[in-house]
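To keep things clear, I will list the structure first and then write my remarks on it.
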Amino acid sequence: MSKTLIAYFSRADENYFGGAMRYVKVGNTEIVCGIIRELIDADSFKIEMREPYSPVYMTCIEEAKRDLRANARPALVSLPDSIDGYDTIVLAYPNYWGTAPTAVFTFLESFDFAGKTILPLCTNEGSGMGASERDIKRLCPGADVKKGLAVTGSRAADAEADARGWLGANGLL
């Protein structure tokens with residue numbers, strides 16, 4: 001029997017919602033991952049930076065741009081001991097500057113994903129998956145990176161139908 005891990009990076013605090021800023025206690029990506037946990041049997045792991053970005057949205061995105069340009073790999077609070085017991089990884093993250101946050105890259109470079117299936121899920125406000133699927137493939141040689149699911153962050157709470165269809169298409173339902 002295959003085992004699934006939901007690994008996600010999500011940011012609360014001030015976020016961008018279709019042209020306006022709004023403070024949230026739970027990030028959009030985490031909301032979608034909660035929906036997925038209701039639909040499938042999976043373990044979950046939250047990717048958290050040891051030194052988080054600013055709670056102020058405009059400052060946060062500048063910090064994220066700086067890290068992306070510097071090819072930084074921010075230190076994480078923790079990592080799973082191993083991912084060896086998982087066949088499938090649902091990898092969820094917001095779109096930061098056209099790709100996944102560099103903290104997600106830190107996570108990916110910490111393990112060997114060869115032979116595993118990765119299902120990317122990207123929350124965004126109109127920029128879709130960006131280059132994240134390509135970047136994940138580059139960082140995870142030997143992994144089977146499937147077509148990702150782009151979820152509009154401001155509609156994260158309404159993503160069940162899309163998540164259900166995507167999970168079903170990938171054999172998880």
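Which of the following residues is of a type in the set (G, A, S) and buried (at least 20 other Cβ atoms within 10 Å of the Cβ): S10, S82, S44?
Values: S82 fails: buried (at least 20 other Cβ atoms within 10 Å of the Cβ); S44 fails: buried (at least 20 other Cβ atoms within 10 Å of the Cβ).
Result: S10 is the single residue among S10, S82, S44 that is of a type in the set (G, A, S) and buried (at least 20 other Cβ atoms within 10 Å of the Cβ).
Tell me the strands (runs of 3 or more DSSP E) entirely within region 1-56 that contain at least 3 residues that are over 14 Å from the mean Cα position of the chain (by Cα) and without any contact (Cβ under 8 Å) to a residue 24 or more places away in the chain. First the steps, then the outcome.
Numbers: elements: 4-8, 13-17, 20-24, 43-46.
Answer list for region 1-56: 20-24.
In region 143-156, which residues are more than 15 Å from L167 (Cβ to Cβ) and open to solvent by 60 Å² or more (accessible area, probe 1.4 Å)? Spell out the reasoning first.
As a first pass, look at region 143-156 and keep what is more than 15 Å from L167 (Cβ to Cβ): 143-145, 152-156.
Scanning region 143-156 gives D144, R155.
Could you give me the residue pairs with C-beta distances under 8 Å whose first residue belongs to region 89-100 and is touching a residue at least 12 places away in the same chain (Cβ under 8 Å), whose second residue is among the polar types (S, T, N, Q) and assigned to a loop (DSSP other than H, G, I, E, B) wherever it lies, and which are 6+ apart or on separate chains?
From region 89-100, the pairs are A92/S10; Y93/S10; P94/S10; N95/S127; G98/S127.
Give just the number: which of (1) of a type outside the set (D, E); (2) at pLDDT 95 or above; (3) in contact with a strand residue (DSSP E or B) (Cβ under 9 Å, 6 or more places away or on another chain); (4) loosely packed, with under 14 Cβ neighbours inside 10 Å does G126 not satisfy?
Only one criterion is unmet by G126, namely (2).
For every residue, the table says whether it meets (1) under 21 Å from R134 (Cα atoms); (2) modelled with pLDDT under 95; (3) open to solvent by 60 Å² or more (accessible area, probe 1.4 Å).
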position	(1), (2), (3)
Y53	no, no, no
V56	no, no, yes
D67	yes, no, no
Y86	no, no, no
P94	yes, no, no
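For region 106-123, what are the residues that are over 20 Å from P94 (Cα atoms) and open to solvent by less than 30 Å² (accessible area, probe 1.4 Å)?
F113, K116
The values are calculated or read from the model by the stated rules, or taken from the named source; none is laboratory data. None of the values given here were measured: they were computed from a predicted structure. Neighbour counts run over all protein chains shown; Cβ positions are idealised from the backbone, glycine included. Heavy atoms of the whole protein, side chains included, go into the accessibility calculation; ligands, DNA and RNA do not. Shrake-Rupley method; radii C 1.70, N 1.55, O 1.52, S 1.80 Å.
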